[in-house]
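Written out below as structure tokens is the structure these notes cover.
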Amino acid sequence: MGRCSRGVEQLQVAEVAVAGLPDERLGQIVAAFVVPADTSLTAEELDQFALANPQLARFKRPRRYVFIKEVPKSAVGKILRRKLQVEEYELYDLPVQQ
């Protein structure tokens, strides 16, 4: 298991998928679709992790974090990024953090 995987586990992420989404200014941005294992997880924590990771170039880090209930997969377990790109997923209801 690599450093990145251990770090994500420490952030209480059950599963994550990354896909490109359309963006008016840049054409496309990187978005991370996260299934949280802990309801206290925030997008700010994930972004700080991405910024601190020396193996991840700044231009490759996600610009958007979407918390979802499950990552859509095919019958053989392949991640269906096209469903993520057309918003065919169920949002995870995180409690409001103060």
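The values are calculated or read from the model by the stated rules, or taken from the named source; none is laboratory data. Small disclaimer: the values here were computed from a predicted structure and weren't measured. Neighbour counts run over all protein chains shown; Cβ positions are idealised from the backbone, glycine included.
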Restricted to the stretch 35-65, and to residues that are touching a residue at least 40 places away in the same chain (Cβ under 8 Å) and of a type in the set (A, V, I, L, M), which residue is surrounded by the most Cβ atoms within 10 Å (Cβ to Cβ)? 41
When you look at residue 48, is it part of a loop (DSSP other than H, G, I, E, B), farther than 23 Å from residue 87 by Cα and at pLDDT 90 or above, yes or no? no
So, residue 76, is that one among the β-branched types (Val, Ile, Thr) and either under 11 Å from the mean Cα position of the chain (by Cα) or more than 24 Å from residue 27 (Cβ to Cβ) (or both) or not? yes
Residues of the stretch 30-45 satisfying the condition of being under 17 Å from residue 58 (Cβ atoms) and in a loop (DSSP other than H, G, I, E, B): none
Examine the stretch 66-87 for a residue that is among the hydroxyl-bearing types (Ser, Thr, Tyr) and either surrounded by 10 or more Cβ atoms within 10 Å (Cβ to Cβ) or touching an Asp or Glu at 6+ places or on another chain (Cβ under 7 Å) (or both), and state whether such a residue exists. no
So which of 31, 17 ends up being within 14 Å of residue 88 (Cα to Cα) and in contact (Cβ under 8 Å) with a residue 40 or more places away in the chain? 17
Among residues belonging to the stretch 1-44 that are of a type in the set (D, E, K, R) and under 24 Å from residue 72 (Cβ atoms), point out the one that is modelled with the lowest pLDDT. 9
